[in-house]
Amino acid sequence: MKIRKTTIAILLFSVLFVFCKKSQAPEVITPITPIVPVPEKNLTNSTAVEYYGPLRVVGNKIVGTGDSIVQLRGMSFFWSQWMGKYYNASVVKWLKDDWYCNVVRAAMAVENGGYLTSPDTEKQKVFDLVDAAIANGMYVIVDWHDHNAADHLQASTKFFAEIAKKYGDKPNVIYEPFNEPLQVSWAAVVKPYDQAVIDTIRKYDPDNLIICGTPTWSQDVDIAANDKLVGTNIAYTLHFYSGTHKQSLRDKATAALNKGIALLVTEYGTTDASGDGAVNETETNLWYNFLDANKISWCNWSVADKAESSAVLFTGASTYGNWVINQITTSGAFVRQEIRTKNLRFK
Ligand code: MG
């Protein structure tokens, strides 16, 4: 009798539990309303990579099919060892479908628990993003996210040889061998490292873009322009943070362009160089004017829900995209609007 009573109680509880679960309203995803209207754009009948084709460097520009000048806009992911939760195909697809990104950047951490500690784990995150970018017809930058890469040349060349063998025949992939060198010599430290990685990649992939870092956190592009790397389809990384870097850095970039090198902003923030501080929309708009005038491609830092103002997501935002407006930060909304306004929308 006692057992029967218990059994009935369990049965009743189970029925109630199932009923309650079923009667819960499905999670409502509110579509994000653009802050200002974006131009009407028909969905193009191709992907970005089908549309622009394999990228090449011609003079100080990046060009695609038919030598047309290409300017890409998209998002950089955050250090892979700390924000690996966003390195998945759903986020990449959401960045294409909702943000209109045509490029993403995998920032594979090297030090601080990154590739040097867990090569297979961190490498897999890069593979996941690259595979997702290929599936969505987007470009993808494979970034060796390191401030001391010249000390890790052996690990770096091993990694880039593997990437070049695996993906070198895919027009989607762009290599970035050295995120941000510190205040070290271009001629003695950074250039020899960049050249060694270029030469390694070119053993397996004769043509995909390689975007090289320069001293002072990838700001000394003018110094590199006076002492260029050797190879085809080589461009240089320019990084800026609008709250810190202003006209004087644009002047350095102009000097570099005038010397005939191509630039690509693989990373910039709307904030201070720390990644935090106020979002400086006025200065960022001056940068956008400069980048558009010179057709310089860019990725914004960063896809993260870290509590800092350059992160595009608030803490706890879904790790699979589908972000609603109250999950996107001030910087995130500002950057998303810029991308949606200016990029074509691709399949
Ligand atoms: Mg290739």
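The values are calculated or read from the model by the stated rules, or taken from the named source; none is laboratory data. From a predicted model like this one, the values you see are computed outputs, not experimental measurements. Here the Cβ is made from the backbone with ideal geometry for all residues, glycine too, and neighbour counts use every protein chain on show.
Among the residues of segment 203-233, which ones are within 16 Å of the ligand (Cβ to nearest atom) and buried (at least 19 other Cβ atoms within 10 Å of the Cβ)?
Matches in segment 203-233: D205, N208, L209, I210, I211, N233.
Of all the residues that make up segment 240-272, how many are within 18 Å of D305 (Cα to Cα) and of a type outside the set (F, W, Y)?
5
Give just the number: which of (1) among the aromatic types (F, W, Y); (2) in a helix (DSSP H, G or I); (3) within 13 Å of the ligand (Cβ to nearest atom) does F159 not satisfy?
Of everything listed in (1) among the aromatic types (F, W, Y); (2) in a helix (DSSP H, G or I); (3) within 13 Å of the ligand (Cβ to nearest atom), F159 misses just condition (3).
I need every pair where a residue in segment 329-347 that is small (G, A, S) has its Cβ under 7 Å from the Cβ of a residue that is in a loop (DSSP other than H, G, I, E, B), sequence separation at least 6 or different chains.
Within 7 Å, the pairs are S331/T270; S331/T271; S331/V279; S331/S309; S331/S310; S331/V312; G332/V312; A333/I35.
So the check is Cβ under 7 Å with 6+ separation or different chains; which pairs have a first residue in segment 171-182 that's within 16 Å of the ligand (Cβ to nearest atom) and a second one that's charged (D, E, K, R) and part of a strand (DSSP E or B)?
Sorted first by the residue in segment 171-182, then by its partner, the pairs are E176/D143.
If E267 meets every condition in (1) touching a residue at least 12 places away in the same chain (Cβ under 8 Å); (2) on the phi > 0 side of the Ramachandran plot apart from one, which number is that one?
Answer for E267: the failing condition is (2).
Six or more apart or on different chains, Cβ atoms under 7 Å: show the pairs whose first residue is in segment 204-216 and on the phi < 0 side of the Ramachandran plot and whose second is hydrophobic (A, V, I, L, M, F, W, C) and near the ligand (Cβ under 9 Å from one of its atoms).
Y204/A164; D205/A164; N208/V173
Need a quick list: helices (runs of 4 or more DSSP H) entirely within segment 193-294 having at least 1 residues that are of a type in the set (S, T, Y), over 23 Å from A107 (Cα atoms) and modelled with pLDDT of 95 or more.
247-258, 281-293
Looking at segment 145-154, can you tell me whether even one residue there is surrounded by 17 or more Cβ atoms within 10 Å (Cβ to Cβ), assigned to a helix (DSSP H, G or I) and within 16 Å of the ligand (Cβ to nearest atom)?
no
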